[in-house]
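The structure under discussion appears below in the form of structure tokens.
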């Protein structure tokens, strides 16, 4: 059966290695045998009519207690042909290893480390396969389905004797670390160099990020990021919540853009449910997502400028951000962690004042943006600190999996809103700003323009906002209106079960990709047919983009490290999860 | 024979299915993984076909049929997922919900309610009903244990059918007709059956609730752990539901070898061992006349020292140990090892009021072979001195099932009135105390031997004649698959054991015999060697004093030291008597009361739910339990304490 030209080509060239072809939400999916994985991926990358040059994501799902429990997924995108492909490999239980694909896609580096860390699958020939999120001395793999979820008694002094504390079996003695460990080096450390840390506790690392620097004088030889300080097990937690409850933990991923995370997750679950949200919900979602983009960029701008010495910028940006947070509070009662975009639509309808407040903001903000640009765009010091700093080639960036403004600043016009529109973004006219060199300055220009474009999208959405319901009327998913519960038996029952047990989601997997302020944000949700997800994988753009930190910093000055980090705009909540 | 074992093939939802002829569509579908929603249907009750929820479509049929009551005919094509079927389910749900009260927030069943689940899966998302629902007074106590909410009842009749078919107490009925139908206790009856709790579990909605569990917890709050009921000799399988370190309720966990998925109320609701009292949490040692809390180290050291001194001063014959027929086999084994190996005494028993040895002798002589499944297959049943409805209720249900479904003849002889009298082919009374004569005469009657006047006159004094016995034997018809059940407490001496053995031998090969123990581990305590004259495995050993003998000896101060397990299950008066003369009284107890408070050393024990243990039911089925709670404070399982004492005594 002809599903797609891509699948046909693959089946032709790898007749024994390709199986289980299918189409899911417009993407072809295939399964590849482990021994041909590297060949197939290389073929997919270099063949001209395929050219899948971006590895969006590399992750694992544990289907325990099904036999053949581990499946590893490679989600590919072709910049040239603007289409995606999902490649799945089943990993045998008795030999949980895979070949590393780091030589094909450089971005696989941290992804493979994470899969190793969380699932225990080893990647052969990975140059530095160590844990990335969990402490180094752990011996367990927490995202495995047979690893305890929680709900076990916590040990305190008063009950320590009564409960069996398992944690002793989870760790081995902490090993003495060497300099090479910190820097990810092998071999001798160059004489005359200094090793220092930036972070994890540091006002300018945009969260708990630690960068181990090897310096020769003020020049950076190596910059190894160490992440995991903010790892709280969000993905594991989501496996113990109902689908609707899990929205609340998504707020805490990229926590300066909570609605963005809500949206990505909701779209994935809606895809699994085959649930369509009404048009009004789509428009409201777009308005909130774009307001969130501006709010997030304001934090980026304020902190970035502040870190480079423009100390007044942080006050101005936060002043404007307050207006947006006030709008969110007006709408939902909550400033930040609103969980307002949920499965089925949005939580409530727009309040009477919402439109007015948004239009006031739309009227006021362009002037503020002008004033920021006045202060920075042609400022000699700003230019000195950001021009030609941290520039990488387009190919390097794509190989590292970088997306978002960091990629667009180098001239690659890839934006998920236009490449793979969602939520009706194709109803709106907006430009995708790009830069040329990819340096910190271009990243600044791109994000500034993005804020302007967001204003335009919000205006169009407000003007065209349709009437109608703000969430799906499928009563098996969305809660009944409050007043109906008091008199309707069916409504009461549905409310009871939706809240206590949640709605079951048909078995399967769905990948939703959206453009968050930081880049391509992916939610890969796997359902086992029950009301709680089997796996909620978060493809965090900051996690992937941070891999570019090292090449960007190498050869530069120590002070540039701060500018580069700010230019990448990582958010540790989504890096570490 | 051939008709029943004939197989037929048909198609359900496009899948082929082959089942025995006569199988209902519901069962056939289940066998190939297709679930059809039901309310009134229950696998262990007769088919009602009244709720209409299981309607399915048959190709060529004029209207949908109920899957629970329609046989799968050869070659039919059945659909369980067509628009017609889905519409039928939706409309049945809508119909049921019209008069259903909006009680979910306060109804016990919420979260484990078939009505809720089916309403979500198959029913509409919103109500179209705008009238007033019909109202009833509620709740109505059907007994002191069960409450009825008529508004919630969907008239599935599962409760009525249970009482009619399983417990046979027939207390519940549907009164009135049509829209006014209601469940009620039948006139001139009371719902005091000891199986009433099963109706709460059967009820698909929250119409029947128990006073024990009402408003206590939501299903998702509770952890469910498997267990074995420790409250009688049946050893039914249960699910223990706990929340935050407390047992909330027991539910049935079907074990076809024992309980058929039913529980008796004593077991189901008996889990609150405390009755409000506080548990012992620290070891107590008597110092200067008063019991004082001490550390485990000190308590054990004191016990070791005092036991050692007793033996060295007075010899091993001056110490004795009492296990318990309500303690696990492991505990009893450890107790007898403590006494026999560590202290070199032979004074071991499992009760203070009865000699545990004869029943052990009976087991050693092969008189404990029956299984509950034997009841299902028996040709006839002979019961001597037994009233299972009091002491082995689930066995009683099993016997009833045999009588009701297979018309198994039962011949019961007892000294008191029992429930079995109504079901037996022949039910005779004998005077308590004349058991020996009874056994001899029964044996003679079975052998069809001549008259034995001395025994007959003894029995006739109690109103039992040889003729009656002969008649009973004839009516019951003893044969190769006869089951003989003897009340274990009848076996007060070796003579009676051999009389029973002779009786069974007279009945011929193949008859299976069973001793009916009231206690959860009467069988296991004996096979663990906690009786005079037997080591574990029923290997003979020197016989020491029995429990009653030890009480007398202790009172007279010839027995100096007494070590008692599971003090709550021993007669307080006997403990008091022993206390009077004994120098050293050590006991493991859950609570501090007069009896335990009279001890010299009191170890805080773990309850049966707080430790691992193997219990052998009256049919010889050994079942292990795992702890579901932690013992409070410093209380410890008896086994760890005894092991430590034994270890110290070695040094």
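The values are calculated or read from the model by the stated rules, or taken from the named source; none is laboratory data. Only a predicted model underlies this, so the values are computations on that prediction, with no experimental measurement involved. Backbone-built Cβ (ideal geometry, glycine too); neighbour counts: all protein chains shown.
Okay, here's what the table says:
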{"quantity": "Residues of segment B:83-100 satisfying the condition of being within 8 Å of chain A (Cβ to nearest Cβ) and assigned to a loop (DSSP other than H, G, I, E, B)", "calculated": "B:100"}
{"quantity": "Filter pass, residue B:411 being crowded, with 18+ Cβ neighbours inside 10 Å and without any contact (Cβ under 8 Å) to a residue 24 or more places away in the chain", "calculated": "no"}
{"quantity": "Filter result for the condition that a residue is surrounded by 16 or more Cβ atoms within 10 Å (Cβ to Cβ) and assigned to a loop (DSSP other than H, G, I, E, B), over A:338, A:292, A:348", "calculated": "A:338"}
{"quantity": "Which listed residue is in contact (Cβ under 8 Å) with a residue 40 or more places away in the chain, on the phi > 0 side of the Ramachandran plot and not assigned by TED's automatic domain parsing to the domain that holds residue B:261, from B:323, B:385, B:317", "calculated": "B:385"}
{"quantity": "Subset of segment A:81-106 [in a loop (DSSP other than H, G, I, E, B) and either under 24 Å from the mean Cα position of the chain (by Cα) or not assigned by TED's automatic domain parsing to the domain that holds residue A:70 (or both)]", "calculated": "A:81, A:82, A:100, A:101, A:102, A:103, A:104, A:105, A:106"}
{"quantity": "Flag for residue B:568 being in a helix (DSSP H, G or I) and within 28 Å of the chain's Cα centre (by Cα)", "calculated": "yes"}
{"quantity": "Qualifying residue in segment B:602-616 (condition: over 27 Å from the mean Cα position of the chain (by Cα) and not assigned by TED's automatic domain parsing to the domain that holds residue B:330)", "calculated": "yes"}
{"quantity": "Hey, residue B:154 outside the structural domain of residue B:395 (by TED's automatic domain parsing) and in contact (Cβ under 8 Å) with a residue 40 or more places away in the chain or not", "calculated": "yes"}
{"quantity": "Failed item in (1) in contact with a helix residue (DSSP H, G or I) (Cβ under 7 Å, 6 or more places away or on another chain); (2) farther than 22 Å from residue B:204 by Cβ, with residue B:22 passing the rest", "calculated": "(1)"}
{"quantity": "Residues satisfying the stated conditions in segment B:461-482, i.e. assigned to a loop (DSSP other than H, G, I, E, B) and touching a helix residue (DSSP H, G or I) at 6+ places or on another chain (Cβ under 7 Å)", "calculated": "B:478, B:481"}
{"quantity": "Which numbered condition residue A:493 fails, given (1) within 14 Å of chain B (Cβ to nearest Cβ); (2) crowded, with 19+ Cβ neighbours inside 10 Å; (3) in contact (Cβ under 8 Å) with a residue 24 or more places away in the chain", "calculated": "(3)"}
{"quantity": "Residue ID - surrounded by the fewest Cβ atoms within 10 Å (Cβ to Cβ), chosen from residues in segment A:56-78 that are touching a strand residue (DSSP E or B) at 6+ places or on another chain (Cβ under 6 Å) and at pLDDT below 95", "calculated": "A:68"}
{"quantity": "Elements of type helices (runs of 4 or more DSSP H) in segment B:359-460, at least 3 residues being over 23 Å from the mean Cα position of the chain (by Cα) and within 30 Å of residue B:532 (Cβ to Cβ)", "calculated": "B:435-446"}
{"quantity": "Qualifying positions in segment B:593-636 - out of contact with any helix residue (DSSP H, G or I) (no Cβ under 7 Å at 6 or more places or on another chain), crowded, with 19+ Cβ neighbours inside 10 Å and over 26 Å from residue B:226 (Cα atoms)", "calculated": "B:599, B:600"}
{"quantity": "Selected residue (criterion: nearest to the other protein chains (Cβ to nearest Cβ)) from residues of segment B:114-132 that are within 24 Å of residue A:506 (Cβ to Cβ) and out of contact with any helix residue (DSSP H, G or I) (no Cβ under 8 Å at 6 or more places or on another chain)", "calculated": "B:121"}
{"quantity": "Number of the condition not met by residue B:135 [criteria: (1) under 36 Å from the mean Cα position of the chain (by Cα); (2) in contact (Cβ under 8 Å) with a residue 12 or more places away in the chain; (3) away from chain A (no Cβ under 11 Å)]", "calculated": "(1)"}
{"quantity": "All positions within segment B:200-218 that are surrounded by 18 or more Cβ atoms within 10 Å (Cβ to Cβ) and either within 14 Å of another protein chain (Cβ to nearest Cβ) or in a strand (DSSP E or B) (or both)", "calculated": "B:204, B:205, B:206, B:208, B:209, B:210"}
{"quantity": "Count of residues meeting criterion [more than 9 Å from chain B (Cβ to nearest Cβ) and over 17 Å from residue B:117 (Cβ atoms)] in segment A:468-481", "calculated": "8"}
{"quantity": "Residues of segment B:169-183 satisfying the condition of being surrounded by fewer than 19 Cβ atoms within 10 Å (Cβ to Cβ) and either under 24 Å from residue B:104 (Cα atoms) or out of contact with any strand residue (DSSP E or B) (no Cβ under 7 Å at 6 or more places or on another chain) (or both)", "calculated": "B:170, B:177, B:178, B:179, B:180, B:181, B:182"}
{"quantity": "Subset of segment B:101-113 [facing chain A (nearest Cβ under 9 Å) and touching a residue at least 60 places away in the same chain (Cβ under 8 Å)]", "calculated": "B:103, B:110, B:111, B:113"}
{"quantity": "Residue A:551 vs. criteria assigned by TED's automatic domain parsing to the domain that holds residue A:286, surrounded by fewer than 22 Cβ atoms within 10 Å (Cβ to Cβ) and closer than 30 Å to residue B:126 by Cα", "calculated": "no"}
{"quantity": "Within segment B:77-92, tally of residues that are touching a residue at least 40 places away in the same chain (Cβ under 8 Å) and surrounded by 20 or more Cβ atoms within 10 Å (Cβ to Cβ)", "calculated": "4"}
{"quantity": "Members of segment B:221-254 found to be part of a loop (DSSP other than H, G, I, E, B) and either in contact with a helix residue (DSSP H, G or I) (Cβ under 9 Å, 6 or more places away or on another chain) or crowded, with 24+ Cβ neighbours inside 10 Å (or both), listed by number", "calculated": "B:229, B:230, B:231, B:232, B:233, B:234, B:235, B:236, B:244"}
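Quick grid of which residues meet (1) in contact with a helix residue (DSSP H, G or I) (Cβ under 7 Å, 6 or more places away or on another chain); (2) modelled with pLDDT under 95; (3) over 26 Å from residue B:552 (Cβ atoms):
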residue	(1), (2), (3)
B:314	no, yes, no
B:318	yes, yes, no
B:322	yes, no, no
B:336	no, no, no
B:348	yes, no, no
B:371	no, yes, yes
B:377	no, yes, yes
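Residue-wise test of (1) in contact with a helix residue (DSSP H, G or I) (Cβ under 6 Å, 6 or more places away or on another chain); (2) closer than 29 Å to residue B:111 by Cβ; (3) surrounded by fewer than 23 Cβ atoms within 10 Å (Cβ to Cβ); (4) within 14 Å of chain B (Cβ to nearest Cβ).
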residue	(1), (2), (3), (4)
A:459	yes, no, yes, no
A:463	no, no, yes, no
A:466	yes, no, yes, no
A:483	no, yes, yes, yes
A:486	no, yes, yes, yes
